[in-house]
Structures are given as structure tokens and as C-alpha cells.
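The values are calculated or read from the model by the stated rules, or taken from the named source; none is laboratory data. Predicted model, so just to flag it, every value in this text is computed and none were measured. Heads up, the Cβs are rebuilt from the backbone with ideal geometry, glycines too, and the neighbour counts pull from every protein chain shown. All accessible areas refer to the heavy atoms of the entire protein, side chains included, with ligands and DNA or RNA removed. Shrake-Rupley method; radii C 1.70, N 1.55, O 1.52, S 1.80 Å.
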Amino acid sequence: MILAALHDTVLAEVGNPTPEAPPLADKLLQMGRYFTWLVQLSGITAITYGGGRFAWEKWNGGGLQSPKMIASAMAGGAVATSAGTIMNAVI
């Protein structure tokens with residue numbers, strides 16, 4: 001009986017803690033946003049460069065290497081996009 005009363009007393013003293021952001025959380029989120037913009041910008045640049053190179057190769061009649069570049073850039077974009085979705089699901 002004494003243990004039950006002590007147990008109730010200890011539990012009565014422990015409050016419900018409020019959630020608090022960890023230190024430097026805002027800086028880490030900002031860095032993540034910058035990284036997202038950098039990935040998007042590099043993907044758009046790679047697709048644009050691949051398209052220009054494709055036109056140049058087609059015009060000069062050389063070997064076509066640029067379709068591989070465009071496909072790789074699109075695959076990289078798909079991986080980058082799904083990585084964000086997967087991380088949101090995990091969190």
C-alpha cells in the first residue's frame with residue numbers, strides 16, 4: 001500500500017513535457033532547403049545541357065551520346081524526388 005501511494009505521488013510530480021526543437025534545427029532545415037534547390041537547379045541544367053548537346057550532335061552528324069546524358073539526368077531527378085518522399089514517410 002505504501003508503494004502504491006509512493007508510485008502515485010511520483011507520477012503526480014512528473015509533468016507532461018512540451019516538445020522542443022533541438023539545437024540548430026532551424027539551420028539544418030535551411031541547409032536542407034538550400035540542398036533541395038541545388039539538386040533541382042543541377043538537374044534542370046543537366047537536362048538543358050544534354051538537349052543542347054543533342055541538337056549539336058544531330059546537326060554535325062556525330063555519334064549520339066547525349067540521349068544517355070538526358071536519360072541519366074532524368075533518372076537522377078527521379079531518385080532525388082523519391083528520396084525526399086521516402087524521408088518524409090520515414091520521419
Name the single residue, out of those in region 11-66 being more than 23 Å from Asn88 (Cα to Cα) and charged (D, E, K, R), that is modelled with the highest pLDDT. Arg53
Collect the residues in region 66-77 that are surrounded by 11 or more Cβ atoms within 10 Å (Cβ to Cβ) and hydrophobic (A, V, I, L, M, F, W, C), keeping them in residue-number order. Met69, Ile70, Ala71, Ala73, Met74
Looking at Gly51, Gly63, Gly43, can you tell me which residue is open to solvent by less than 60 Å² (accessible area, probe 1.4 Å) and not in a helix (DSSP H, G or I)? Gly63
